[in-house]
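The values are calculated or read from the model by the stated rules, or taken from the named source; none is laboratory data. Source: prediction; values computed, not measured. All Cβ positions, even for glycine, are placed from backbone atoms using ideal geometry, and neighbour counts span all protein chains on display.
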């Protein structure tokens, strides 16, 4: 009898192991695989700097290989040719997006997903079409006055705060305001007048935290379901979700109030709300709003900060001299500031 009990226990343990050690996609035959631990896969090896570790793995395994991150199987492409083959020649096969527990289930439970993080379906197709229409070349050209005004405002505040270069300052808040104001004007027809506005600071802080929840390295509960039983990470994500809901509601309610009063400025969401033929429901409109608020803060300030940092280096000084000279060659009359918004003639 005891023997049968032990056999039953062993079978249960084996079944639990098979379930916990399974992956969403079976092992891909013929593709090199990084070594890993049961259940956790390569999470321990990857540590906090995934990109550096994957670069080292590529030297050993080749430009394309597979790894396990808990119950997720990941294909890593680490060369120009492999990326071109996968993302350019096969882009239609990669049009969807994977879902992760923390970001998609906890953080996005109330507002839905951004367009760029949505799995492909009819709803995503409608949202992408609406965004593409609002951001095509003719539309972008019509937004140049907004970019003109916001870039002037950011540079003006920077010059005032640094006292024309006599005082060291942190330019990051000004670049964040530039990115967020541009997005808000496009989507809601509103803006912040100060880089240190409390609501702006709240949006920047929350969006940065939510961006970390999307990170592949910060949330092991996305890959090891057992860790979801520990409430701390989900509670933190839920707190940020609630804070994000508040300011998204403030922004959308403000636009609706302006429309009711007839004082709204032309903007993407305003045009959708006023269009009786619009085929987007409330959830899809919220998704577009969410995308416009988060997308700019995710990329634009970081690129501007990196660009300014590099231009401040020794080589960057040389780039500045060459760029300035080439601009002067094309615009010797000093009208580059105005012309840059309507044409691209500098080589």
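Before moving on, here are some points about what is shown:
- Within the stretch 19-56, the set of residues being part of a helix (DSSP H, G or I) and out of contact with any helix residue (DSSP H, G or I) (no Cβ under 8 Å at 6 or more places or on another chain) comprises 19, 44, 50, 51, 52, 55, 56.
- Residue that is nearest to residue 66 (Cα to Cα) [pool: residues in the stretch 19-39 that are out of contact with any strand residue (DSSP E or B) (no Cβ under 8 Å at 6 or more places or on another chain) and surrounded by 10 or more Cβ atoms within 10 Å (Cβ to Cβ)]: 35
- Checking each residue in the stretch 187-198 for being part of a helix (DSSP H, G or I) and in contact with a helix residue (DSSP H, G or I) (Cβ under 6 Å, 6 or more places away or on another chain) picks out only 187.
- Residue match in the stretch 213-224 (condition: without any contact (Cβ under 8 Å) to a residue 24 or more places away in the chain and within 20 Å of the chain's Cα centre (by Cα)): yes
- For the stretch 286-306, the set of residues classified as surrounded by 13 or more Cβ atoms within 10 Å (Cβ to Cβ) and free of Cβ contacts under 8 Å to residues at least 24 places away in the same chain consists of 302 only.
- Cross-chain or 6+ apart pairs with Cβ under 6 Å, the stretch 163-191 first and without any contact (Cβ under 8 Å) to a residue 24 or more places away in the chain, then surrounded by fewer than 21 Cβ atoms within 10 Å (Cβ to Cβ) and in a helix (DSSP H, G or I): 169/161; 174/157; 174/158
- Options 16, 86; residue that is outside any loop (DSSP other than H, G, I, E, B), at negative phi, surrounded by 15 or more Cβ atoms within 10 Å (Cβ to Cβ) and not assigned by TED's automatic domain parsing to the domain that holds residue 239: 86
- Pairs with Cβ under 9 Å, 6+ apart, first in the stretch 22-35 and without any contact (Cβ under 8 Å) to a residue 12 or more places away in the chain, second assigned to a loop (DSSP other than H, G, I, E, B): 35/42
- Annotation note: Cβ proximity below 7 Å between a residue of the stretch 319-332 that is outside any helix (DSSP H, G or I) and a residue that is at pLDDT below 95 (sequence gap 6+ or interchain) occurs for 331/339.
- Given (1) in a loop (DSSP other than H, G, I, E, B); (2) modelled with pLDDT under 85, number of the condition residue 132 does not satisfy: (1)
- Residues of the stretch 89-117 satisfying the condition of being in a helix (DSSP H, G or I) and free of Cβ contacts under 8 Å to residues at least 60 places away in the same chain: 91, 92, 93, 94, 104, 105
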